[in-house]
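> Okay, here's the structure, questions in a sec.
Taken together, the values in this text are just the output of simple stated rules run on the coordinates, not laboratory data. All figures in this text were calculated on a predicted structure; none of them were measured in a lab. Cβ coordinates were reconstructed from backbone atoms using ideal geometry, including for glycine residues, and neighbour counts include every protein chain displayed.
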Amino acid sequence: MVAFGANLSVFWILSANSWLQTPSGGTFSEGHFHVQNYFAAINNPFMVRSVIHMALATVETSMLVVAAISAWSLMRQKAPEFFLFSFKLALVILLAVAPLQILAGHESAVQVAEHQPTKLAAIEALWDDQAAGSSPAWTVLASPDEASGSNRWSLSVPGAFSWILETRPQLSQPLRGLNSWPADQRPHMVGLLFYAFRMMVAIGLAAAALMALSLLLWWRGGLSAASFAQWPWFSWAWILSAPAGYLAIESGWVVRCVGRQPWTVYGQLRTADAASVLPVGEVLTSLSVFAVLYTVLLVFALYFGSRIIAKGPNLTLEPPGLAAPVILPDRSGNV
Ligand code: HEM
């Protein structure tokens, strides 16, 4: 029920957030949105791919956490049989999820290219227009400089951009660079967007590579409980993948929501106009209360979570199905 509820929440939050990215299902007039078709509003152009990308992100991150706890325990030779099983279980699920997530991420980028050209230009630090039929370079790393509207330096792969975006040698559509938009109609903080996107992609690729390497070891009979103590680098790579999953999720949200600026409703309502009409003091108070509350919850979750992990599983408990049958007395009291 918890998993069902969490996924229902993923659906509605992502549907609502997708509507902010690609508003549909009605008309805007005189500062109001008039819904004409609720289904079209819910099923807006960004909805399906965004829900899939987010749902996969939650499963992938959860599996990275399971694998990390297992690797940490195996490195200390704690309940090896139990944790080798949970590690392998996480690996099998990651085999399904990690490659799919790369595909889903690519699809998210394609929809951004279709509907939000300013976001695409920002996450790629693309300053100048690119004509249809051209083969732009793909920038791997750069130092974006908003003042000059260019990159101070960049490391690029020539001709790779259209391969990555469209799997073809030349662009089928022209792409607008950031410099061709008025300053008040495109996102700023280009460096943050450029590197948040790269961080997410790098973590997604690294997780898939680590999963593939571990499966290969398992397949070739080289993965045992002893491997984790024998290869600390292997254990640490898995242990660090747990926080990396959360980092990828946060980076994804930075890309999605900082990238849609200066709009709250893309192309329709500016963030400056959507700001609360409440006095600053009140907004600051509620924001601070939320921040403190969630920080306290996080500290408790980390404290109790790490205690449970340090304690390890109780292996003396019988699984419910294997418990001794309960023998009830009959009417005359005989057992
Ligand atoms: C490996 C290749 C990946 C690519 C190409 C990719 C691409 C993208 C793109 C383009 C967006 C922005 C979508 C938008 O603004 O509408 C996005 C958002 C997001 N990404 Fe990724 N991503 C990748 C991997 C990951 C991984 C590994 C995770 C987490 C485990 C992740 C989590 C997220 C989240 C939470 C969002 C915001 C919500 C959403 O759009 O569904 N991404 N991603």
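> Go through the residues of segment 97-119 one by one and say whether even a single one is more than 16 Å from the ligand (Cβ to nearest atom) and either under 17 Å from residue 187 (Cβ atoms) or in a helix (DSSP H, G or I) (or both).
Here is the first cut: in segment 97-119, the residues more than 16 Å from the ligand (Cβ to nearest atom) are none.
Checked segment 97-119: no residue is more than 16 Å from the ligand (Cβ to nearest atom) and either under 17 Å from residue 187 (Cβ atoms) or in a helix (DSSP H, G or I) (or both).
> Output the number of residues of segment 248-262 satisfying the condition of being in contact with a strand residue (DSSP E or B) (Cβ under 6 Å, 6 or more places away or on another chain) and near the ligand (Cβ under 8 Å from one of its atoms). Reasoning before the result, please.
Let us first name the residues in segment 248-262 that are in contact with a strand residue (DSSP E or B) (Cβ under 6 Å, 6 or more places away or on another chain), namely 262.
If we keep only those that are near the ligand (Cβ under 8 Å from one of its atoms) as well, we get none.
The number of residues fulfilling the criteria is 0.
> Would you point out the residue of segment 202-233, among those that are under 29 Å from residue 251 (Cα atoms) and more than 18 Å from the chain's Cα centre (by Cα), that is farthest from the ligand (Cβ to nearest atom)?
If we filter segment 202-233 for residues that are under 29 Å from residue 251 (Cα atoms), which is where we start, we get 202-215, 232-233.
Restricting the remaining residues to those that are more than 18 Å from the chain's Cα centre (by Cα) gives 212-215, 232-233.
Working: 212: 14, 213: 17, 214: 17, 215: 18, 232: 25, 233: 22 Å.
Checked segment 202-233; the qualifying residue farthest from the ligand (Cβ to nearest atom) is 232.
> Is it the case that residue 237 is within 14 Å of the ligand (Cβ to nearest atom) and assigned to a helix (DSSP H, G or I)?
Values: within 14 Å of the ligand (Cβ to nearest atom): no; assigned to a helix (DSSP H, G or I): yes.
Spelling it out, it is not the case that residue 237 is within 14 Å of the ligand (Cβ to nearest atom) and assigned to a helix (DSSP H, G or I).
> Could you list, in sequence order, the residues of segment 149-176 that are within 13 Å of residue 137 (Cβ to Cβ), in a loop (DSSP other than H, G, I, E, B) and of a type in the set (Gly, Ala, Ser)?
159, 160
> A follow-up question, please. I'd like the full set of residues that are in a loop (DSSP other than H, G, I, E, B), out of contact with any Gly (no Cβ under 8 Å at 6 or more places or on another chain) and in contact (Cβ under 8 Å) with a residue 40 or more places away in the chain, limited to segment 126-148.
Taking segment 126-148 and keeping what is in a loop (DSSP other than H, G, I, E, B), we get 126-129, 131-137, 146-148.
Keeping just the survivors that are out of contact with any Gly (no Cβ under 8 Å at 6 or more places or on another chain) gives 131-134, 146-148.
The answer is 131, 132, 146.
> Could you go through segment 80-92 and let me know if any residue there is of a type in the set (Asp, Glu) and either farther than 30 Å from residue 172 by Cβ or away from the ligand (no atom under 16 Å from the Cβ) (or both).
Within segment 80-92, the first condition is being of a type in the set (Asp, Glu), and the residues that meet it are 81.
Narrowing further to those that are either farther than 30 Å from residue 172 by Cβ or away from the ligand (no atom under 16 Å from the Cβ) (or both): 81.
Among the residues of segment 80-92, at least one is of a type in the set (Asp, Glu) and either farther than 30 Å from residue 172 by Cβ or away from the ligand (no atom under 16 Å from the Cβ) (or both), which makes the answer yes.
> I've got another one for you. Please verify whether segment 38-57 includes one or more residues that are within 30 Å of residue 311 (Cβ to Cβ), in contact (Cβ under 8 Å) with a residue 12 or more places away in the chain, of a type outside the set (Asp, Glu) and in a helix (DSSP H, G or I).
Step one: filter segment 38-57 for residues within 30 Å of residue 311 (Cβ to Cβ), giving 57.
Still in the list and also in contact (Cβ under 8 Å) with a residue 12 or more places away in the chain: 57.
Among the residues that remain, those that are also of a type outside the set (Asp, Glu) are: 57.
Checking which are in a helix (DSSP H, G or I) leaves us with 57.
Yes: segment 38-57 contains one or more residues that are within 30 Å of residue 311 (Cβ to Cβ), in contact (Cβ under 8 Å) with a residue 12 or more places away in the chain, of a type outside the set (Asp, Glu) and in a helix (DSSP H, G or I).
> With the requirement that a residue be in a helix (DSSP H, G or I) and either without any contact (Cβ under 8 Å) to a residue 40 or more places away in the chain or not small (Gly, Ala, Ser) (or both), what does segment 209-225 give you?
209, 210, 211, 212, 213, 215, 216, 217, 218, 219
> For a quick check of your reading of the model, give me the residue pairs whose first member lies in segment 249-275 and is in a helix (DSSP H, G or I), whose second is among the aromatic types (Phe, Trp, Tyr), with beta-carbon atoms closer than 9 Å and at least 6 apart or on different chains.
Sorted first by the residue in segment 249-275, then by its partner, the pairs are 251/195; 251/197; 252/197; 254/197; 255/197; 271/263; 274/263.
> Would you mind telling me which numbered condition in (1) more than 16 Å from the ligand (Cβ to nearest atom); (2) assigned to a helix (DSSP H, G or I); (3) under 25 Å from the mean Cα position of the chain (by Cα) residue 179 fails?
(3)
> Identify all residues within segment 24-48 that are under 22 Å from the mean Cα position of the chain (by Cα) and crowded, with 17+ Cβ neighbours inside 10 Å; write none if there are none.
First, the residues of segment 24-48 that are under 22 Å from the mean Cα position of the chain (by Cα): 42-48.
Answer for segment 24-48, where residues must be under 22 Å from the mean Cα position of the chain (by Cα) and crowded, with 17+ Cβ neighbours inside 10 Å: 44, 45, 46, 47.
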